[in-house]
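Working notes, beginning with the structure itself.
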Amino acid sequence: MKIAIDAMGGDFAPDEIVKGVELARDRHAGLEFQLFGTESKVRPLIQNNDRITLIPTTEEIEMGEEPVKAMKNKPDSSLVRAATAVKEGTADALFSAGNTGAILSSAIFIVGRIKGVDRPALASAIPSFGGPNDSFVFMDLGANAENKPAHLYQYGILGSFYAQSVMGIQNPRVRLLNNGGEEDKGDETHKAAHQLMKQATAFNFLGNVEAREILEGTADVVVSDGFSGNAALKAMEGTALTMMDQLKDSIKSAGFRGMLGALLMKPALRSLKHKMDFNEQGGAVVLGVKAPVVKTHGSAKANAVANTMGQIQTMVQENLVEKTTAFIKENADALKAKKIEK
């Protein structure tokens, strides 16, 4: 199984990307890695060439560049070359921690969109601190800054399929992220999306959900436009990291008693940190394209990169794309709900 990797994408690329790849190589005997990147920057970082192939590129897509323009103007960039390898079948999946818009553009225009999906989206499993399941599907997490009501409706279908087929959640509960629980809340897009989803028979829609409630296990699939989803995700990550830092400071300031209490609580605190730390989670999956495309956090370190490689291996082994394609074909009529959109 070969994974094409954009070695130059991410805040800490290529250092943490290469470290993460080597961690994954040591964990997963069945994986091979194609590192696309600037040779002078990447090659010195590789400690062991076993199952790692460096494919030199001459261009990089920066985090702040306009996605489609960058993809078209930089054909020899690490991201475009990696996506092309997947399109041509020399790699099975694409990984990047880089420019989200450029990753989505490469996924749609190079890897290819599955027929029947209007707008592919980023979906990820997020920890849940209540309810019957340990995590829920959250989408879109930033692939699309703007969405039509029909896109949000389709996310309900795709998110339900992902929750059921990958996470094993039966009859997933779907909610729409909004600024209030009432169905008349939000802008016109979210009001119209609510009405579409309310009429749905393709998934189990339970209404709106506010951002403060989504970690409480009130839904198995939370649907959002890309702007709101990305903002909510970063707010959750920032809050989690701040709380852990504040807890450490409080323990230190409490003196001996605080340190003793922390020692007794160490197993519980370690478990909480593991669950709240995004570096311990996998990446976000671009649902709706013809091969696994996974993007991890731009500030991801080596461990997050390695964890995402394991996630990709599972996706390929479980034939996620083939199952998604078959599901979309079988549910073509349901996906055309946009016809009733006003």
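Summary table
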quantity: Enumeration of residues in the stretch 156-171 that are surrounded by fewer than 20 Cβ atoms within 10 Å (Cβ to Cβ) and in contact with a Leu (Cβ under 9 Å, 6 or more places away or on another chain); calculated: SER165, VAL166
quantity: Flag if TYR153 is modelled with pLDDT of 90 or more and open to solvent by 10 Å² or more (accessible area, probe 1.4 Å); calculated: yes
quantity: Close pairs (7 angstrom Cβ cut-off, 6 or more residues apart or separate chains): closer than 15 Å to GLN154 by Cβ in the stretch 98-118, open to solvent by 40 Å² or more (accessible area, probe 1.4 Å) and not basic (Lys, Arg) anywhere; calculated: ILE114/THR325
quantity: Neighbours by Cβ (under 6 Å, 6+ apart or cross-chain): first from the stretch 246-274, at pLDDT below 75; second among the acidic types (Asp, Glu) and surrounded by 12 or more Cβ atoms within 10 Å (Cβ to Cβ); calculated: HIS274/GLU280
quantity: Filter pass, ASN279 being part of a helix (DSSP H, G or I), closer than 26 Å to ARG27 by Cα, modelled with pLDDT of 90 or more and within 20 Å of the chain's Cα centre (by Cα); calculated: no
quantity: Within the stretch 283-329, tally of residues that are open to solvent by 40 Å² or more (accessible area, probe 1.4 Å) and closer than 19 Å to ASN99 by Cα; calculated: 2
quantity: Cross-chain or 6+ apart pairs with Cβ under 7 Å, the stretch 156-169 first and in a helix (DSSP H, G or I), then among the small types (Gly, Ala, Ser) and open to solvent by 10 Å² or more (accessible area, probe 1.4 Å); calculated: GLY156/ALA200; ILE157/ALA202; ILE157/ALA334
quantity: Helices (runs of 4 or more DSSP H) wholly inside the stretch 1-98 containing at least 2 residues that are open to solvent by less than 70 Å² (accessible area, probe 1.4 Å); calculated: 15-27, 67-73, 78-87
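This table checks each residue for (1) within 26 Å of ALA332 (Cα to Cα); (2) open to solvent by 70 Å² or more (accessible area, probe 1.4 Å); (3) in contact with a Leu (Cβ under 8 Å, 6 or more places away or on another chain).
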| residue | (1), (2), (3) |
| --- | --- |
| VAL174 | yes, no, yes |
| ASN179 | no, yes, no |
| ALA192 | yes, no, no |
| LEU196 | yes, no, yes |
| ASN204 | yes, no, no |
| ALA219 | yes, no, yes |
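The values are calculated or read from the model by the stated rules, or taken from the named source; none is laboratory data. On a predicted model such as this, the values are computed, not experimentally measured, just so you know. Please note: Cβ atoms are built from the backbone with ideal geometry, for glycine as well, and neighbour counts cover all protein chains shown. The area values use the complete protein model at the heavy-atom level, side chains included, leaving out ligands, DNA and RNA. Shrake-Rupley method; radii C 1.70, N 1.55, O 1.52, S 1.80 Å.
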